[in-house]
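Shown next, in structure tokens, is the structure this report addresses.
The values are calculated or read from the model by the stated rules, or taken from the named source; none is laboratory data. All values reported here derive from a predicted model rather than from experimental measurement. Note that each Cβ is placed from the backbone with ideal geometry, even for glycine, and that neighbours are counted across all protein chains shown.
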Amino acid sequence: MIEFADACCGKLRLSWQGPWPFCAADIRALPTHLPGVYVLSAFTPMRRLLVPVCVGHSAQLRRQLLEHPVRRSFAKYLRGEFSPYFSVAMVSDPLLRVAAKAALIRCLRPPGNDLLPDAPRIPIDLPSLSLVEH
């Protein structure tokens, strides 16, 4: 995975991978020590795009996603109604990870992140919310 996370011209540029189905097999396909940010989303037949549900960051995305507190309940709940997916972007620098998470929450306003971060607004590249582009 190539990292393109940098603050260039006042915009945080991320190289997104995914969306992939939110299941253990697809999560285990991630590199073991991949640092970065993630977006959990859901597909519903009523909309043609994925709906962002939760944003997070970790020094080890694979471990974080496998142990995510909502992984079992999120996937179990949504599988009855929606199909869960995840997207990741590599971000090595811990400060950029925090800034990226805050910017994604401000932009996407996912219901799984109930508090807006107290951080400056930074333009950011968003993950694809389409399954057709894959």
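Taking every residue in region 51-77 that is over 17 Å from N113 (Cβ atoms) and pairing it with any residue that is at pLDDT 60 or above and not basic (K, R), at least 6 positions away or on another chain, the pairs with Cβ-Cβ distances below 6 Å are A59/P35; Q60/H33; R62/L30; R62/T32; L66/I27; A75/F22; A75/P84. The criterion of being in a loop (DSSP other than H, G, I, E, B), of a type outside the set (A, V, I, L, M, F, W, C) and modelled with pLDDT under 90 holds for P111. Of the listed requirements (1) more than 23 Å from V132 (Cα to Cα); (2) not in a strand (DSSP E or B), G56 misses just one: (2).
Which residue is modelled with the lowest pLDDT, if the candidates are limited to region 28-50 and must be part of a strand (DSSP E or B) and surrounded by fewer than 24 Cβ atoms within 10 Å (Cβ to Cβ)? The selected residue is F43.
Within region 94-119, the set of residues being farther than 11 Å from V55 by Cβ, touching a residue at least 12 places away in the same chain (Cβ under 8 Å) and touching a helix residue (DSSP H, G or I) at 6+ places or on another chain (Cβ under 9 Å) comprises just one member, A119.
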